[in-house]
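Enquirer: Pasting a structure below so you can have a look.
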Amino acid sequence: MDSGVLEFDIGVGGASSSGGGRDGDDDTIDIAHPVDDEDMDDSPLPISADIYMPEGDFLDLEPYEGMEFESEEAAKAFYNSYARRVGFSTRVSSSRRSRRDGAIIQRQFVCAKEGFRNLNEKRTKDREIKRPRTITRVGCKASLSVKMQDSGKWVVSGFVKEHNHELVPPDQVHCLRSHRQISGPAKTLIDTLQAAGMGPRRIMSALIKEYGGISKVGFTEVDCRNYMRNNRQRSLEGDIQLLLDYLRQMLSENPNFFYAVQTNEDQSTSNVFWADPKARMNYTYFGDTVTFDTTYRSNRYRLPFAPFTGINHHGQPVLFGCAFLLNESEASFIWLFKTWLTAMSGRPPVSITTDHDAVIRSAITQVFPETRHRFCKWHIFKKCQEKLSHMFLQHPSFEADFHKFVNLSESIEEFESCWLSLLDKYELRDHEWLQTIYAARKHWVPVYLRDTFFAEMSITQRSDSMNSYFDGYVNASTTLNQFFKLYEKALESRNEKEVKADYDTMNSSPVLKTPSPMERQTSQLYTRKLFMRFQEELVGTLTLTASKAEDDGEIITYKVAKYGEDKKAYYVNFNVLEMKASCSCQMFEFSGLLCGHVLAVFRVTNVLTLPSYYILKRWTRNAKSSVILEERANDVYTSYLESHTVRYNTLRHEAFKFVDEGAKSLQTYNVAVAALQEAAKRVTLATTRNEGRTTMVNGHIRGNLAIDANRADITSANHQGNSSQPLSEDDMDNRFQELTNELDFASRKCEVYRANLLSVLKDIEAHKLQLSIKVQNIKISMKDSL
């Protein structure tokens, strides 16, 4: 029988092999059999192997010298059966071949713990071992040697019974490698359940129930998983070609389509990535935050389908590319992330969200060193229900406490304190899984992540893009052949929803709830959904109080709280001169929308319109437009309000400093009062002469210098042109007033022309969007009709 069908490991022992060929035959060659891996209880066993089992009286015998077998396989099967009864695992140690015909004439079978691991071999010295295996060989001498007789039978030539280690009890012997065998009926059941979409864990549960216990199944979950993986690999060999054909067709139809294939050493397909032109364009608009989701199992082979997604200007999930992962090693993820980055023009995102996985974490650190990495909190909560199911049953309040401490902690100190109190309250300080996620807390607990943009409307919401883009289209029973039809349907559905949201934003006006100029301003800039979210914050400021807590001259700190709830307050730092504010809740940093706390401060400081700094283009209705309208879209009235606010806050800030200095003593008080009286006269005079047409340039008040210059020019021209009859004072004033009126009229006309031009630009942009919507609707209707 060919040795390729045997179930045994072949390895080198530390002890010398027992010798001896056929009697009188010196023409022999000794052969040792090296192995690449230590004989571990959890190491995979060969799956596609014929199994030889001893029969009859051999089942209960103990080996002895002179015992005969019909074949080498029979001897090996007998020794393995004996080892199972006693409680140890076996393997082949050495053999001897005849020099005449190369046939094996002697074998030695040993205990798997025979010999010692050779740590000086070149294969281990020249490479770094990331996860070294546990040392299991302890120099055990137990063995069985057999040699072939001239008659063709095999006889026991040596037997060592004693072991130098403890033997395995009967209820654990099924974990030993040489006794782990997947029988024919078990393979059939695994194949059936795998085709139904069940995973290794659920299949093992079914097998344990079917056979009446884990010890009677005859193999472990690792063996089941490896068998299923080999099944998937064989089944996918044909279907992967369908995938590659589809991608080649997409590339031939559009040269901006991108796909890449990673191959193994044997040139077989390992992983595949692709991104259509729309996905690549979407990334240029909304690629600041990305979700990479490996939780899909898109077909009956449980092949991980992993989409890259983000959030568009309507808060909807948007696609940035997809991958099929046959191999989920760290090297594969590094290849995938680098390939995806190439497809996205080499621009890494600000933040990325993934499942809680150490391999993915390591790959992201290497490929995106500057990108903030977050683990999906929703998946951690889901895992919590599995790992702490007993706590959920015994303590109904545990889930609420866990969510509260994670989501509602306002500071790192508060979270740390609450976490310890949670562990103490439910006696969980030694829980291994909780220790693991606590060590990774900076990657999933909101209080550690609020300073980074993730495009979420609140700290506690679940990201819409995580595991939702293809929901309702692909599931565990979807085959690869079916996948692309469903994939295209999902893309069409998402595109239609975006078109509908664009249409609603452009063709209907939201209901305003306040007379605030800021509300009117943002209703014309934000998309419908984003404006409604901003409107909630703005209306909420009516219940907030903002009181000055500190003023250092440039930065004023306000304490903001709900009326009657002063204990739970937020602090807003407001730079008056730069018109910038930051809140302790960090909502703007996290979501890109201002919180009600900052808006409350703007209300009490007369900031009547939203400064352009706080209007992110990615949230506006023109997020996909190449024409930048945000900076020019404010009408004359809005520009006046904003400039008036700047002037007002600048003057008030300077006045406060003047008052503080003037009140220090009676002498400075008298000087300050006199200066104010003089300043009041000069302001009144300037108001009368300039009729309110003072402007601010680069932060400095500038009078009507051009008009003064015109006055001088007029006087000079009249002196030169008609020196004999100079104009009277009244004539000069009348002429000056005429020119002033003409200048004022020209200025108003310029403002009207400017406003009309901006209106035309807006109309053009709106018309382009409506045409785009109509084209998309026509495309969808044509596809439906086909």
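The values are calculated or read from the model by the stated rules, or taken from the named source; none is laboratory data. These figures come from a predicted structure and were not determined experimentally. Here the Cβ is made from the backbone with ideal geometry for all residues, glycine too, and neighbour counts use every protein chain on show. Areas reflect the complete protein model, heavy atoms only, side chains present, ligands, DNA and RNA absent. Shrake-Rupley method; radii C 1.70, N 1.55, O 1.52, S 1.80 Å.
Enquirer: Among residues belonging to the stretch 82-101 that are assigned to a helix (DSSP H, G or I) and surrounded by 19 or more Cβ atoms within 10 Å (Cβ to Cβ), point out the one that is farthest from the chain's Cα centre (by Cα).
Expert: Looking at residues that are assigned to a helix (DSSP H, G or I) and surrounded by 19 or more Cβ atoms within 10 Å (Cβ to Cβ), I get Tyr82.
Enquirer: Against the conditions (1) open to solvent by 40 Å² or more (accessible area, probe 1.4 Å); (2) more than 33 Å from the chain's Cα centre (by Cα), where does Gln586 fall short? Just the number, please.
Expert: (2)
Enquirer: Could you look through the stretch 393-411, keep only residues that are small (Gly, Ala, Ser) and not in a helix (DSSP H, G or I), and pick out the one that is farthest from Cys583 (Cα to Cα)?
Expert: Only one residue fits best here, namely Ser397.
Enquirer: Let me ask something additional. Restricting attention to the stretch 136-162, which residues are among the small types (Gly, Ala, Ser), surrounded by fewer than 17 Cβ atoms within 10 Å (Cβ to Cβ) and assigned to a loop (DSSP other than H, G, I, E, B)?
Expert: Answer for the stretch 136-162, where residues must be among the small types (Gly, Ala, Ser), surrounded by fewer than 17 Cβ atoms within 10 Å (Cβ to Cβ) and assigned to a loop (DSSP other than H, G, I, E, B): Gly139, Ser151, Gly152.
Enquirer: Mind listing whichever residues of the stretch 61-81 are polar (S, T, N, Q) and surrounded by fewer than 20 Cβ atoms within 10 Å (Cβ to Cβ)? First the steps, then the outcome.
Expert: Just the residues of the stretch 61-81 that are polar (S, T, N, Q), to begin with: 71, 80-81.
Correct list: Ser71, Ser81.
Enquirer: Answer yes or no as to whether Val447 is crowded, with 18+ Cβ neighbours inside 10 Å and in contact with a Ser or Thr (Cβ under 7 Å, 6 or more places away or on another chain).
Expert: yes
Enquirer: Determine which member of the set Phe574, Phe534 is without any contact (Cβ under 8 Å) to a residue 60 or more places away in the chain and buried (at least 19 other Cβ atoms within 10 Å of the Cβ).
Expert: None of the other options fit; the residue is Phe574.
Listed here are the residues, each with its yes/no results for (1) touching a residue at least 60 places away in the same chain (Cβ under 8 Å); (2) more than 19 Å from the chain's Cα centre (by Cα).
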| site | (1), (2) |
| --- | --- |
| Thr371 | no, no |
| Phe375 | yes, no |
| Lys382 | no, no |
| Ser397 | no, yes |
| Phe402 | no, yes |
| Ile412 | no, yes |
| Ser421 | no, yes |
| Tyr438 | no, no |
| Thr452 | yes, no |
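Enquirer: Please specify each residue of the stretch 152-177 satisfying the condition of being in contact with an Asp or Glu (Cβ under 7 Å, 6 or more places away or on another chain) and modelled with pLDDT under 80.
Expert: Cys175, Arg177
Enquirer: Okay, next question. With Leu393, Leu326 as the choices, which residue is open to solvent by 10 Å² or more (accessible area, probe 1.4 Å), touching a strand residue (DSSP E or B) at 6+ places or on another chain (Cβ under 8 Å) and of a type outside the set (Gly, Ala, Ser)?
Expert: Numbers: Leu393 fails: touching a strand residue (DSSP E or B) at 6+ places or on another chain (Cβ under 8 Å).
Among Leu393, Leu326, only Leu326 is open to solvent by 10 Å² or more (accessible area, probe 1.4 Å), touching a strand residue (DSSP E or B) at 6+ places or on another chain (Cβ under 8 Å) and of a type outside the set (Gly, Ala, Ser).
Enquirer: Something else about it: Quick one: which residue in Ser547, Ser477, Ser508 is loosely packed, with under 14 Cβ neighbours inside 10 Å, of a type outside the set (Lys, Arg), under 30 Å from the mean Cα position of the chain (by Cα) and modelled with pLDDT under 95?
Expert: Numbers: Ser547 fails: under 30 Å from the mean Cα position of the chain (by Cα); Ser508 fails: under 30 Å from the mean Cα position of the chain (by Cα).
One residue alone meets the criteria, Ser477.
Enquirer: If a residue must be of a type outside the set (Val, Ile, Thr), assigned to a helix (DSSP H, G or I) and more than 20 Å from Asn327 (Cα to Cα), how many such residues does the stretch 196-234 contain?
Expert: 10
Enquirer: Continuing with the same structure: Of all residues in the stretch 102-133, how many are at pLDDT 80 or above and not in a loop (DSSP other than H, G, I, E, B)?
Expert: Number satisfying all stated conditions: 8.
Enquirer: Right, next: Which condition does Arg202 not pass, out of (1) open to solvent by less than 50 Å² (accessible area, probe 1.4 Å); (2) over 16 Å from Thr90 (Cα atoms), if it passes all the others?
Expert: (1)
Enquirer: Could you tell me which numbered condition Lys624 fails, if it satisfies all but one of (1) at pLDDT 95 or above; (2) open to solvent by 20 Å² or more (accessible area, probe 1.4 Å)?
Expert: (1)
Enquirer: Hey, could you check the stretch 176-221 for residues that are hydroxyl-bearing (Ser, Thr, Tyr) and touching a Gly at 6+ places or on another chain (Cβ under 9 Å) and say which is nearest to Thr479 (Cα to Cα)?
Expert: Top of the filtered list is Ser183.
Enquirer: Every residue in the stretch 340-398 that is over 15 Å from Pro446 (Cα atoms) and in contact with a Leu (Cβ under 9 Å, 6 or more places away or on another chain), please.
Expert: Matches in the stretch 340-398: Arg347, Pro348, Ala363, Val367, Phe368, Cys384, Lys387, Leu388, Met391, Phe398.
Enquirer: Moving on. Determine whether His356 is open to solvent by 10 Å² or more (accessible area, probe 1.4 Å), more than 17 Å from the chain's Cα centre (by Cα) and under 30 Å from Leu428 (Cα atoms).
Expert: No.
Enquirer: Has the stretch 183-196 got any residue that is within 30 Å of Arg137 (Cβ to Cβ), over 41 Å from the mean Cα position of the chain (by Cα) and open to solvent by less than 50 Å² (accessible area, probe 1.4 Å)?
Expert: Yes, because at least one residue in the stretch 183-196 is within 30 Å of Arg137 (Cβ to Cβ), over 41 Å from the mean Cα position of the chain (by Cα) and open to solvent by less than 50 Å² (accessible area, probe 1.4 Å).
Enquirer: Hey, Ser143 hits all of (1) under 29 Å from Met228 (Cα atoms); (2) at pLDDT 85 or above; (3) out of contact with any Lys or Arg (no Cβ under 6 Å at 6 or more places or on another chain) but one; which does it fall short on?
Expert: (1)
Enquirer: Please specify each residue of the stretch 486-504 satisfying the condition of being crowded, with 16+ Cβ neighbours inside 10 Å and either among the charged types (D, E, K, R) or touching a Leu at 6+ places or on another chain (Cβ under 9 Å) (or both).
Expert: Ala490, Leu491, Arg494, Glu498, Asp502, Tyr503
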